[in-house]
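Just so it is clear, none of the values below were taken in a lab; they were calculated from the coordinates. Bear in mind the structure is a predicted one, so any value in this text is a computation, not a measurement. Heads up, the Cβs are rebuilt from the backbone with ideal geometry, glycines too, and the neighbour counts pull from every protein chain shown.
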Amino acid sequence: MRTWVITCSVFLLFVGILLRLEYRLSHPTVPPGIQRPECLKPRPEAETGKDRLTRLGGRTTRYPNAQWTGVAYTVANIAQGRDLTKYEKLELKVPGPLHPWEKSIQVFAQARGFLSQHWRDHKRGYLIFTVSSVDHTGTSHIFVEPDDSSRWRVYWRQLDRRELIDEPTAYWVLWVIPGEDKRATPLPSGQAPDPFAHQLELRDVCGEEIRQL
């Protein structure tokens, strides 16, 4: 009798888990990840940035009716149905035009620290990060979150007045030591990251680098 009760309890628990998973998959709380269909296709020798975005599964929307709020670009439904009350939000803007070699300023360190902490602690975060160069201003809307199968990811939307880029979804986030020609090496195990000196590298579902911050 006791064995029968235990067996029934385990069965009901298993059925409950399946039903809950089925409900979550049929009622998504976040958009599906953006990724390439397969990982084995070799990288072309001469690949432009746009070609690479397409190969990794990213997509671009031209003239998305972006609105400037005074501190950032946004569009209608930038959150794509997410319940933003569940996210810790941080809005950052780089003061003044940024030259290409200026990467270790305070605001970049804040952005790295925010993303790294939320990734490490499995805590939902929403970063709005606006950067201006001498001839361009763009805003990144970055979500640290679990997908509907509970796998943690970074979903990155990059926006300016001409286009909206939905970057490939990142499933790997690691600290790296920047090097020459944008080559970086992973931070050695046990070494504490320095958000001023080190950068975050985001990698897609296949383990290929998407971008560094």
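One decimal place: the segment residue 61-residue 132 gains 23.5 nm when fully extended, by the rule 0.36 nm per residue minus the C-alpha distance.
Each residue of the stretch 34-47 was assigned a 3J(HN,Hα) from its phi angle through the Karplus curve 6.51 cos²θ - 1.76 cosθ + 1.60 (θ = phi - 60°); the sequence is 9, 7, 6, x, 7, 9, 8, 5, x, 7, x, 5, 9, 10 Hz, with glycine and proline shown as x. Remark: relative contact order (the stretch 56-213) = 23 percent; criterion is Cα-Cα distance under 8 angstrom and separation of 6 or more residues.
Would the stretch 47-212 count as rounded, prolate or oblate if I go by the C-alpha gyration tensor, calling it rounded below 1.5 in a/c and otherwise prolate when a/b exceeds b/c, oblate otherwise? Here the stretch 47-212 falls in the rounded category.
Please find the FRET efficiency linking residue 93 to residue 41, where r is the Cβ-Cβ separation and R0 is fixed at 35 Å, and quote it to the nearest 0.05. It would help to have the intermediate numbers written out before the result.
Values: r = 38 Å, r/R0 = 1.09.
Working from the Cβ atoms, E equals 0.40.
Less than 5 angstrom separates the built amide H of residue 152 from those of 147, all sequence-distant by 5 or more or on a different chain.
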